[in-house]
1. For Lys170, list the aspartates and glutamates whose Cα falls under 15 Å from its own Cα; do not include residues on the same chain fewer than 8 positions away.
2. Could you point to the residue in Gly42, Ala160, Met106 farthest towards the positive end of the stretch 41-174's charge dipole, with +1 and -1 charges on the Cβ of Lys/Arg and Asp/Glu respectively?
3. When the chain is modelled as a GNM with alpha-carbon springs shorter than 10 Å, which of Arg280, Arg257, Arg90 fluctuates the most?
4. Would you kindly state how much longer the chain becomes between Glu362 and Tyr377 on full extension, computed as 0.36 nm times their sequence separation minus their alpha carbon distance, in nm to one decimal?
5. Of the listed peptides 343-351, 388-396, what is their order by residue-averaged count of other C-beta atoms within 10 Å, with the highest listed first?
6. Please list, in chain and number order, the residues 5+ apart from Ala212 or on another chain whose amide H is under 5 Å from its amide H, with Hs placed from the backbone.
7. Could you give the nm distance between label points at Glu79 and Glu216, where each point is 7 Å from its Cα heading toward the beta carbon?
8. Have a look at Leu56, Leu135, Gly30 and report the one farthest towards the positive end of the charge dipole of the chain, computed about the Cα centre with Cβ charges (Lys/Arg +1, Asp/Glu -1).
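Any read-out appearing in this document is the output of simple, stated calculations on the displayed coordinates, not a laboratory observation. None of the values given here were measured: they were computed from a predicted structure. As a convention, Cβ positions derive from the backbone with ideal geometry for all residues, glycine included, and neighbour counts pool all protein chains shown.
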Amino acid sequence: MASSSAPARTPARDHLDWPFFADDHRVLAGELDAFVARGGLGEIDHADADGACRSLVIRLGDAGFLRHCVPAAFGGASEAIDSRSLCLIRETLAFHDGLADFAFAMQGLGTGAISLSASEELKRAILPKIARGELISAFALTEPEAGSDVAAMSSSARRAGDHYVLDGEKIFISNGGIADVYSVFARTGEAPGTRGISAFVVFADTPGFEIAERIETIAPHPLARIRFDNCRIPVSQLLGQPGEGFKIAMRTLDIFRPSVAAAAIGFARRALDEAVAHARSRRMFGATLADLPTAQSTLGEMATAIDTASLLTVRTAWRRDVQKLPITREAAMAKMTATENAQWVIDQALQMFGGRGVRVGEITERLYREIRALRIYEGATEVQKLIIGRELMKAASPRSPAEKDRV
């Protein structure tokens, strides 16, 4: 199914007046709107997710928006990756099309670990090409028996002279099958649990690496199960130090998790926008749907749910960008609230459309499928609750030496 990337309307920008944003963010929003309005995203064929994402990466790279995924020293837009810019871009792209958001997001998530921990040589070889849309990246952490519980990871990498030999499988890897470069996490055994995991850069043409299975989901995008069989990786492609992989993965997710919330908000804003337009035009009971108090009440709740999520999200990004403070708890709150609220908002919009809302090809039907995945990936809602609770316990003052040891 092909869809036009030229939207019927532009997303609301009232929240850009909030003090969390600076003038350069407002300029960026204007550039994004102009880019989409002139057809910058092209025709997006959802029946060919691979081809659509390849095309979108090139278009976003040519337009300069992928520069926000890497630091300035390697062709990026700002000295350090700016979370508010990531959020603004993802929210805007998600408003227009989920694949456009996906194509942008994975360029950042896939190379976040490289930006944080790779050698200068690796950074210079990879990051400028990511910013220009010349390489496609992927983040390979999840395994068949290790999703939320990263400590259960079984993929292994053993040192063999000036190489590591990587064996194992990863599953639900976004961009799997089209990526040129993968950030891969494997157990190297320096210590039990998460302290014995390391991170590596693996190029798609490395012998011993293969795409074991392509995976189809309710919201199509490039996704795969990947396999490593005696895959030899030069020691120079180790990210950080041995045993630092879990820390690198969590730092990467902390940077990009607020932008997952922003994508959910983009979906929710589009759903509300469609619902308002529909309510104003739909005739029933001698008036319009918008004239009915029940519809007005629902729309009011939808708008409030969106602003609630948006405030949590931009607060989180601002805390990271401006205050330079940890955001593990805040990012979890934002991701949980935004995805859950967006699911509810989109459900209400679909309900307002009635039977038309569930027809394949309707925007509400597409949004309904898109948002469902966001409540799971990069940490399901239940995991976000655990993270928030754990961070609260860390911050609490211990009441005894024994409790201090447990914390």
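1. Glu143, Glu145, Asp149, Glu210, Glu213, Asp229, Glu378
2. Positive-most Cα among the choices belongs to Ala160.
3. In this elastic network of the chain, the residue with the biggest mean-square fluctuation among Arg280, Arg257, Arg90 is Arg280.
4. Computed gain between Glu362 and Tyr377 is 3.0 nm.
5. 343-351, 388-396
6. Arg225, Ile226, Arg227
7. 5.0 nm
8. Value computed over the given set: Gly30.
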